[in-house]
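Novice: Let me give you the structure first, and then I'll get to my questions.
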Amino acid sequence: MTPPIQRPVHVLSKGTIAAAAVTDAVLILVFAAVGRDAHQRGDVVAGVFLTAWPFLAGAALGWLASKAWRNPLAVRRTGLAVWLGALAGGMVLRLLTSQTVVLPFIIVALLSLGLLLVGWRLVWAGARRLRNN
């Protein structure tokens, strides 16, 4: 009897996994900073972290739910989970901590976080495809 054919396991380095997590976190901080700047709110550094922490926590939940460390560069499996985790978790945590949650903000966050958290993975995948061809 022949053994079953196994797919090759792609083991990513801890550095790649850490870089993906840091990229997600930095992009969420950029989202918060741009939003705060657009509304001309003071207290820049602390304010950015105050705005960002619910989305960072939500993204962490997305990482856990999708087991993102297995393939943090995956557009569908990881990118979508991190995006939706950041969005849903962020909004729920904002509600629970009496921060503003209104429909226009939800729409802006939906689009912005999607562009950032899924977008960088799409660019990475496209660059990898071009390099391999």
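Novice: Mind listing P(r) for the chain? All alpha-carbon pairs, 10 Å bins, whole percents.
Specialist: Percent of Cα pairs in each bin: 12, 40, 28, 13, 5, 2, 1, 0.
Novice: Report the FRET efficiency, 1/(1 + (r/R0)^6), for L95 and L50, where r is their Cβ-Cβ distance and R0 is 22 Å, rounded to 0.05.
Specialist: Efficiency for this residue pair is about 0.90.
Novice: What do you get for the angle between helix 103-117 and the principal long axis of the chain? Use alpha-carbon atoms, 0 to 90 degrees, nearest ten.
Specialist: Approximately 40 degrees, to the nearest 10.
Novice: If you don't mind, another one. Between K67 and L111, what's the calculated FRET efficiency when r is the beta-carbon distance and R0 is 41 Å? Round to 0.05. Could you put the intermediate results ahead of the total?
Specialist: Values: r = 26 Å, r/R0 = 0.64.
Computed FRET efficiency for K67 and L111: 0.95.
Novice: Moving on. Any idea which of G119, S98, G85 is furthest toward the positive side of the dipole for region 67-133, if Lys and Arg beta-carbons carry +1 and Asp and Glu beta-carbons -1?
Specialist: Farthest towards the positive end: G119.
Novice: Could you tell me the extents of region 92-133's C-alpha atoms along the three principal axes, largest first, rounded to whole Å?
Specialist: 50, 17, 8
Novice: Which angle from 0 to 90°, rounded to the nearest 10, does the C-alpha axis of helix 44-66 make with the longest principal axis of the chain?
Specialist: 30
Novice: Okay, next question. By how many degrees, between 0 and 90 and to the nearest 10, does the Cα long axis of helix 14-38 differ from the longest principal axis of the chain?
Specialist: 20
Novice: Okay, moving on. Taking only DSSP H segments of four or more residues, each worth -39500 (n - 2.57), what value at 222 nm results for the chain once the sum is divided by all its residues, to the nearest 500 deg cm²/dmol? Could you put the intermediate results ahead of the total?
Specialist: On the way: 5 runs with 94 residues, N = 133.
Rounded to the nearest 500, the figure is -24000 deg cm²/dmol.
Novice: Using a 1.4 Å probe on the protein chains only, how many percent of the accessible area of the chain belongs to carbon and sulfur?
Specialist: On the way: 6100 of 8810 Å².
Ligands and nucleic acids excluded, carbon and sulfur reach 69 percent.
Novice: In percent, how large is the relative contact order of the chain, given Cα pairs closer than 8 Å and 6 or more residues apart?
Specialist: 23 percent.
The values are calculated or read from the model by the stated rules, or taken from the named source; none is laboratory data. Owing to the predicted nature of the structure, the values given are computational and were not obtained by experimental measurement. Because the Cβ atoms are built from the backbone with ideal geometry, glycine has one as well, and the counts that use them run over all protein chains shown. Side chains are part of the model used for accessible areas, which takes the heavy atoms of the whole protein and leaves out ligands, DNA and RNA. Shrake-Rupley method; radii C 1.70, N 1.55, O 1.52, S 1.80 Å.
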